[in-house]
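Peer 1: Below is one structure. I have some questions about it.
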Amino acid sequence: MSQNSQKPPSRPFHSPFPNARSESDTSSEEAMPVHQIAMPEALAGSGALDRLVETARDYARQATADNTNTAYSKDWAHFTSWCRRRGANALPPSPELIGLYIASCAAPEAKAPARSTRALSVSTIERHLSGIAWHYQQRGFALDRKDRHIATVLAGIRRKHARPPVQKEAVLAEDIIAMVATLGFDLRDLRDRAILLIGYAGGLRRSEIVSLDHGKDDTLDSGGWIEIQDDGAVLFLRGKTGWREVEIGRGSSELTCPVHALEQWLHFAKIDFGALFRRTSRDNKRALDARLSDKHVARLIKQTVLAAGIRSDLPEAERLALFSGHSLRAGLASSADVDERYIQKQLGHASAEMTRRYQRRRDRFRVNLTKAAGL
């Protein structure tokens, strides 16, 4: 049996830094399609089967979110680039090599290229590992992240370099009211007011806001749709673990009601199909077909935070750094005075612990187990 017909070993037989790189190695690292869905060798090709292969490939591409695919591709590119600079082969997987790679990410060499001299955070290194493992899996390999060459190095990196996550400032109820008050009533401002209020009341991610459609199955790139009812609006969102529903009730005032703001935008923008939040024409008199980018939400939050004078005690650069798209989710979690489980459901969290990370002013001793235990 030829060498090419043999299944590659799960680990290399030699040093993780082989000097020679074959053409097949390079092809496997860089050119191999991620979604290798092919016709079984035992079957003869036909038009129907060929179309079925393409259908299977389409489903395979949708197995992970586009943002995840993009991130994993960057992770793999970073790893393979690191391997090339050291004359190493990325395939087949070598726990020893990957242990050296993550050590290099945490403590870059002084003589490394300028783009590689910045130490990566623990969370970024872990994300790189996930992306690398995913790419190995797509190529028919299994990476054992519990192997001592990886696990012990990663444990040491966590112990030495781990820091509490940097949290963005929450946009609280009084803040969001001040922010929407800085907006006017032209078409673009009607849209931006609806974005801020829907995002805040729904506890939505910025990507979720801009991926909404007016109705079900309106566009191929939809991440969900919205239904407006008498008492409020129901959002149907496609998340990492499936579909979830988010209810947004009507507010106590039309000026701050998210559902009313959305109705105003839809009415004057004349939207009854397709993307919910869109770009507007240069003269700001009509809505275009193009869906907004999620970056617009982040820019909008920063812009209105400055205009409303929130945290004016800080320099402008610090204020801009404090707020982002996550400020809306953190704001709802921190401002809504309801049972924690309702906030958890609205944010789509699998655990209460994750929800608590978003609560900036949570009363940690609301439930006093010391007194409850009789002390």
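Peer 1: If the requirement is being part of a loop (DSSP other than H, G, I, E, B) and either modelled with pLDDT under 95 or within 25 Å of the chain's Cα centre (by Cα) (or both), which of these qualifies: ALA71, ALA77, ALA110?
Peer 2: On the way: ALA71 fails: part of a loop (DSSP other than H, G, I, E, B); ALA77 fails: part of a loop (DSSP other than H, G, I, E, B).
Exactly one residue qualifies, and that residue is ALA110.
Peer 1: Examine the range 131-143 for a residue that is among the hydroxyl-bearing types (Ser, Thr, Tyr), over 30 Å from SER335 (Cα atoms) and touching a Leu at 6+ places or on another chain (Cβ under 6 Å), and state whether such a residue exists.
Peer 2: Going residue by residue through the range 131-143, those that are among the hydroxyl-bearing types (Ser, Thr, Tyr) are 136.
This time we only want the ones that are over 30 Å from SER335 (Cα atoms), so: 136.
Going one step further and asking which of them are touching a Leu at 6+ places or on another chain (Cβ under 6 Å), we end up with 136.
Yes, some residue in the range 131-143 is among the hydroxyl-bearing types (Ser, Thr, Tyr), over 30 Å from SER335 (Cα atoms) and touching a Leu at 6+ places or on another chain (Cβ under 6 Å).
Peer 1: Sticking with this one: List every residue pair whose Cβ atoms lie under 8 Å apart, where the two residues are 6 or more positions apart in sequence or sit on different chains, the first residue falls within the range 283-301 and is assigned to a helix (DSSP H, G or I), and the second residue, located anywhere, is modelled with pLDDT of 95 or more and charged (D, E, K, R).
Peer 2: LEU300/ASP192
Peer 1: Ok, one more. All but one of (1) more than 27 Å from the chain's Cα centre (by Cα); (2) open to solvent by 30 Å² or more (accessible area, probe 1.4 Å) hold for ASP147, so report the exception by its number.
Peer 2: With (1) more than 27 Å from the chain's Cα centre (by Cα); (2) open to solvent by 30 Å² or more (accessible area, probe 1.4 Å) applied to ASP147, the lone miss is (2).
Peer 1: Given the criteria surrounded by 20 or more Cβ atoms within 10 Å (Cβ to Cβ), closer than 22 Å to ARG193 by Cβ, under 17 Å from the mean Cα position of the chain (by Cα) and not aromatic (Phe, Trp, Tyr), does LEU300 qualify? First the steps, then the outcome.
Peer 2: Working: surrounded by 20 or more Cβ atoms within 10 Å (Cβ to Cβ): yes; closer than 22 Å to ARG193 by Cβ: yes; under 17 Å from the mean Cα position of the chain (by Cα): no; not aromatic (Phe, Trp, Tyr): yes.
It is false that LEU300 is surrounded by 20 or more Cβ atoms within 10 Å (Cβ to Cβ), closer than 22 Å to ARG193 by Cβ, under 17 Å from the mean Cα position of the chain (by Cα) and not aromatic (Phe, Trp, Tyr).
Peer 1: So, of the residues in the range 54-68 that are assigned to a helix (DSSP H, G or I) and open to solvent by 80 Å² or more (accessible area, probe 1.4 Å), which turns out to be nearest to SER207 (Cα to Cα)? Give the steps one after another, and end with the answer.
Peer 2: Looking only at the range 54-68, we keep the residues that are assigned to a helix (DSSP H, G or I), and these are 54-61, 66-68.
Applying the additional criterion that residues be open to solvent by 80 Å² or more (accessible area, probe 1.4 Å) yields 54, 59, 61, 66-67.
On the way: GLU54: 28, TYR59: 22, ARG61: 19, ASP66: 11, ASN67: 10 Å.
Result: ASN67.
Peer 1: Which of the residues that make up the range 237-280 are in a strand (DSSP E or B), at pLDDT 95 or above and surrounded by fewer than 18 Cβ atoms within 10 Å (Cβ to Cβ)?
Peer 2: ARG279
Peer 1: Go through the range 194-234 and give me each residue that's part of a helix (DSSP H, G or I) and without any contact (Cβ under 8 Å) to a residue 40 or more places away in the chain.
Peer 2: Initially, the range 194-234 is screened for residues part of a helix (DSSP H, G or I), giving 194-202, 206-210.
Hit for the range 194-234 is GLU208, nothing else.
Peer 1: Mind checking whether some residue in the range 138-161 is in a helix (DSSP H, G or I) and within 26 Å of SER327 (Cβ to Cβ)? First the steps, then the outcome.
Peer 2: Of the range 138-161, the ones in a helix (DSSP H, G or I) are 138, 148-161.
Okay, now just the ones that are also within 26 Å of SER327 (Cβ to Cβ), so none.
For the range 138-161, residues in a helix (DSSP H, G or I) and within 26 Å of SER327 (Cβ to Cβ): absent.
Peer 1: Let me ask something additional. From the list VAL210, VAL166, VAL171, VAL180, exactly one residue is β-branched (Val, Ile, Thr) and closer than 30 Å to GLY99 by Cα. Which is it?
Peer 2: On the way: VAL210 fails: closer than 30 Å to GLY99 by Cα; VAL171 fails: closer than 30 Å to GLY99 by Cα; VAL180 fails: closer than 30 Å to GLY99 by Cα.
Exactly one residue qualifies, and that residue is VAL166.
Peer 1: Okay, moving on. Show the residue pairs that are 6+ apart or on different chains and have beta-carbon atoms under 8 Å apart, the first residue being within the range 44-70 and on the phi < 0 side of the Ramachandran plot, the second being at pLDDT 80 or above.
Peer 2: If the second residue must be at pLDDT 80 or above, the pairs left are ARG61/ASN69; THR64/TYR72; THR64/TRP134; ASN67/SER207.
Peer 1: Among ARG51, ARG118, which is part of a loop (DSSP other than H, G, I, E, B), modelled with pLDDT of 80 or more and exposed (fewer than 11 other Cβ atoms within 10 Å of the Cβ)? Lay out the reasoning, then the answer.
Peer 2: On the way: ARG51 fails: part of a loop (DSSP other than H, G, I, E, B).
ARG118 is the lone residue from the list that is part of a loop (DSSP other than H, G, I, E, B), modelled with pLDDT of 80 or more and exposed (fewer than 11 other Cβ atoms within 10 Å of the Cβ).
The values are calculated or read from the model by the stated rules, or taken from the named source; none is laboratory data. Because the structure is a prediction, the values reported are computed rather than measured. Virtual Cβ from ideal backbone geometry, glycine too; neighbours counted across all protein chains shown. Please note that ligands, DNA and RNA were not included when accessible areas were found on the heavy atoms of the full protein model with its side chains. Shrake-Rupley method; radii C 1.70, N 1.55, O 1.52, S 1.80 Å.
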